[in-house]
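Okay, so here's the structure we're looking at.
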Amino acid sequence: MPSTSKSHLAKLLLSSLILSALSGCVTDLTEAVPTNSYCAIAKPITYDTTKDTPETVAEIELHNGVFVCLCEDDCPKGK
């Protein structure tokens, strides 16, 4: 009956391997999620008015305005 013990050992090792692989997929729900993860990855964009089109400059200025409002808490005040 040596093959039965080898088979049992193989199943045990395979189960251990599967469980250890799945443990990497677990998410800790108690960990705090950043309230504004956009600010952790975004940054203002620079441009060159002599090389970039007016449309590109306008889009970049819009992006930079959103960045300043959300990340630097400097939003324009409404009337």
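The values are calculated or read from the model by the stated rules, or taken from the named source; none is laboratory data. Note that the structure is predicted; figures quoted are calculated from it, not measured. Neighbour counts are summed over all protein chains in view; Cβ atoms, including those assigned to glycine, are modelled from backbone coordinates with ideal geometry.
Here are the numbers:
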quantity: Residues (in a helix (DSSP H, G or I) and of a type outside the set (G, A, S)) located in segment 58-79; calculated: E59, I60, E61, L62, H63, N64, V66, F67, V68, C69, L70, C71
quantity: Qualifying residue in segment 7-26 (condition: modelled with pLDDT of 80 or more, surrounded by 10 or more Cβ atoms within 10 Å (Cβ to Cβ) and within 25 Å of the chain's Cα centre (by Cα)); calculated: no
quantity: Residue list for segment 43-57, restricted to those being surrounded by 12 or more Cβ atoms within 10 Å (Cβ to Cβ) and either hydrophobic (A, V, I, L, M, F, W, C) or in a loop (DSSP other than H, G, I, E, B) (or both); calculated: P44, I45, Y47, D52, V57
